[in-house]
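Accompanying notes for the structure given below.
The values are calculated or read from the model by the stated rules, or taken from the named source; none is laboratory data. Treat the numbers as computed from the prediction; the structure is a model and nothing was measured. Glycine gets a Cβ as well: all are built from the backbone with ideal geometry, and neighbour counts include every protein chain shown. Accessible surface areas use protein heavy atoms only, side chains included; no ligands, DNA or RNA. Shrake-Rupley method; radii C 1.70, N 1.55, O 1.52, S 1.80 Å.
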Amino acid sequence: MDGTGSATVTVTIQVNRFTPRPERPNRHFDSPFRKAASPFGSTRKHPRGRQWRQEYTLRAHPHDTVLDCLLTIKRTLDPTLAFRYSCAHGMCGSDAAAVNGTPTLLCTAKVCDYAKQGRPGDGFRRTAAADNPASGTRSLARLDSGNADASRDAAASATPAADMPDLGVIELAPLPGFPVQRDLIADIDPMLEQIKRLQPYLQADGVLATTHEGKVDVLEYLQKPEQLAKYELLSNCIACGLCEGSCPVFAGGEAFIGPAALVVASRFINDSRDDAARQRLDAIDTVDGIAACQSVRACSRPCPRGIDVGEEMWQLTTAVRER
Ligand code: SF4
Ligand code: FES
């Protein structure tokens, strides 16, 4: 069986970890000399904390996803590792992270596609599925003394055997361009705020439809299939942020509202039922709006919903110029 078949292999997951420093209680709260709170709120966007790199070696199948590996690590090796996920099927967009430096959904990234040969660099703390005095690793059996038997079994099932093929190393980091909350969890609030700013809902009066008896029944929003086709793909955006993580201009949404927000704007601008296309074009015609897009088009490649984000940015640029 080759290295990408169904045989069990060993894989090493390297994680760039981060733990925020706990807020210290203000011992001088009642002091008349304490610093007044800023009227603009906290200006610290990136919480301070401890950063380190950690490496986990475990048993996996080549067609397992990176999310599968993280769940194994969480259950059998290191319950402190933090990451976010929900559907595990590429539908919710909550598990966006950088896999080998590329913004990707953890639940769609297969181990066999991303593991690369090469030994881990220095500076990694090493954790394997079973005690290994040679590498100074530890098992969950020690971490979870309340359920030692179950923990030992789970750790044993993830323990790489000496004769297993080694598929290589996968490097994980939080989604670029966003503040980090903890380990692989990025704070995507800046993106959600920018999406909200562009009013991501239908603005239309609709047409009053009547029943056979002539009574008002429902508000209808009639549309032809070719009109639906103009924005249908755009409505599949799941706000995962992969396009923003790939964009060299986005970086937290301060200089550029970001491609995800603009894709949502484009979805409504292209919707024949929406009455606010002109106002929407005005709203993105700002210094930090579509004008900030440099047409790098790095945003197109990672979109898990097949949206050509770079092309959409170009279409918006043209629509703003021509209005
Ligand atoms: S356009 Fe694609 S990559 Fe960008 S947020 Fe939407 S689904 Fe994610
Ligand atoms: S967990 Fe929902 S997209 Fe990956």
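Summary of values
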read-out: The stretch 100-109, residues that are crowded, with 21+ Cβ neighbours inside 10 Å and in a strand (DSSP E or B); value: PRO103, THR104, LEU105
read-out: ASP78 vs. criteria open to solvent by less than 20 Å² (accessible area, probe 1.4 Å), charged (D, E, K, R), at pLDDT 95 or above and more than 16 Å from ligand 1 (Cβ to nearest atom); value: yes
read-out: Filter result for the condition that a residue is away from ligand 2 (no atom under 16 Å from the Cβ) and either within 20 Å of the chain's Cα centre (by Cα) or outside the structural domain of PRO225 (by TED's automatic domain parsing) (or both), over ALA277, ALA298, ALA283, ALA292; value: ALA298
read-out: Condition met for ALA260 (under 18 Å from LYS196 (Cα atoms), within 16 Å of ligand 2 (Cβ to nearest atom) and in the same structural domain as GLN194 (by TED's automatic domain parsing)); value: yes
read-out: Top-ranked residue of the stretch 261-287 - restricted to ones that are without any contact (Cβ under 8 Å) to a residue 40 or more places away in the chain and part of a loop (DSSP other than H, G, I, E, B), ranked as most open to solvent (accessible area, probe 1.4 Å); value: VAL287
read-out: Any hit, the stretch 291-314, residues being open to solvent by less than 50 Å² (accessible area, probe 1.4 Å), more than 19 Å from MET191 (Cβ to Cβ) and within 16 Å of ligand 1 (Cβ to nearest atom); value: no
read-out: Qualifying positions in the stretch 56-73 - part of a strand (DSSP E or B) and either over 20 Å from LEU105 (Cα atoms) or within 16 Å of ligand 2 (Cβ to nearest atom) (or both); value: THR57, LEU58, ARG59, THR65
read-out: Enumeration of residues in the stretch 220-254 that are open to solvent by less than 60 Å² (accessible area, probe 1.4 Å), in a loop (DSSP other than H, G, I, E, B) and more than 16 Å from ligand 2 (Cβ to nearest atom); value: GLN223, TYR231, CYS247, VAL249, PHE250
